[in-house]
Amino acid sequence: MCQNDAVPIVNRSPQLATSSELSAFLREVERRAFKQAVFAVRDNEAALDIVQDAMLKLSEKYGDRPAEELPPLFQRILQNTIRDHFRRQKIRNFWTMPLSSLFTGEHEDDDPLEALEVESDAQRAHDPARHLESMQTVAFIEQAIAKLPTRQREAFLLRYWENLDVAETAAVMGCSEGSVKTHCSRAVHAIEAALKEKGVEL
Amino acid sequence: MNEQERGRRIARALNQGTASLDDAVLARLKVARETALEAHHAPEAELVLAGHHGLRIRLGFWHRHPVLLPLSLLAGLLLAFALYWQSTQLGDPDEFDADILADDLPIQAYLDKDFDEWLQDTRPQE
């Protein structure tokens, strides 16, 4: 057949993420995304709102992107949504802090990690002592991560938890690859030092 | 163990924390995921002309509204038929005048009231 013979065929574009691929990706990433948001904002409700916003933005604006592009895109959206939260909070605090300070005392610092240390009955029954030790270690790590400077925490979580490579992490964070390596190195040393203080060896 | 391995080992320990999220959080995450998926539009079908790699016509609108395509086709067919029928009823006025001059009057002329009026108006005064 001549190459110019035009035969219309209807097909699906192969590179686009299907709903099932998007669903699988969101299901796989949702818990880590929530914890990332909790580390940043230290508030469960706000973290849930952030994750929902990020998921919605990904779906609405980038749902037609290839499936393999979803992880870095979602991470970028998530980080931006967290920053938006802080911007809004800053503006809100500017107007509400002077008024609320007249009626209430100092704000209590809730520890969001306390809410995360819930054990299921099945796990507790399995090996309570070992499970408790394990959960304590996780809690120490989470506390150490929550105390990291923002950029170090972002770099560490993107690089080692989300398994993005250095270039992808740099793209998400909007910095150089060298900066990513520096942030990651400092984060690892800071977490190890914090764990050592608690007498924890991984 | 190098720094990367240590980093990944710490991150693996974090996964244990995600396994023990409480039910209320998991329920909210599920709602968030389902809301996002509702907003996701399915990949658009494309009309691809083989041999012309650059020519792709997106059919996304029709794909999302499948009922509109047959309705639009039906409306187009009805409009085309109506236009055709109208054109056959009117006839060509030039051809009509030529028939009158040639004294070969079509039967429609006698059924046309305007034609009678025209005959009376144009009849020479006695």
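Every number here is computed from the coordinates shown, using simple stated rules; none is lab data. No experiment lies behind these values; they were computed from the predicted model shown. So basically every Cβ, Gly included, is an ideal-geometry build from the backbone, and we count neighbours across all protein chains shown.
Observations
- Relative exposure of A:189, A:183, A:85, judged by other C-beta atoms within 10 Å (fewest first): A:189, A:85, A:183
- Gap separating the Cα centres of segment A:71-86 and segment A:140-202, nearest whole Å: 17 Å
- Put in order of Cβ neighbour count within 10 Å, fewest first, the listed residues A:161, A:95 become A:95, A:161.
- Taking 13 Å as the cut-off, the amide N atoms of segment A:55-71 that come nearer than this to a point 7 Å along the Cα-to-beta-carbon line of residue A:18 belong to A:67.
- Per-residue HN-Hα couplings for segment A:18-25 [Karplus 6.51, -1.76, 1.60; θ = phi - 60°; Hz; x = Gly/Pro]: 7, 4, 5, 5, 5, 4, 4, 5
- For the pair residue A:28 and residue A:196 in one chain, pulling the backbone fully straight at 0.36 nm per residue adds 57.3 nm over the alpha carbon distance.
- In this simple spin-label model, placing a label point 7 Å from the Cα along the Cα-to-Cβ direction at both residue A:129 and residue B:23 gives a separation of 3.1 nm.
- For A:160, B:110, the sequence from fewest to most other C-beta atoms within 10 Å is B:110, A:160.
- Inter-chain neighbour count for A:170-180: the average number of beta-carbon atoms from partner chains within 10 Å of each residue's beta-carbon is 0.
- Of A:147/B:30; A:35/A:198; A:90/A:198, those spanning more than 31 Å from alpha-carbon to alpha-carbon: A:90/A:198
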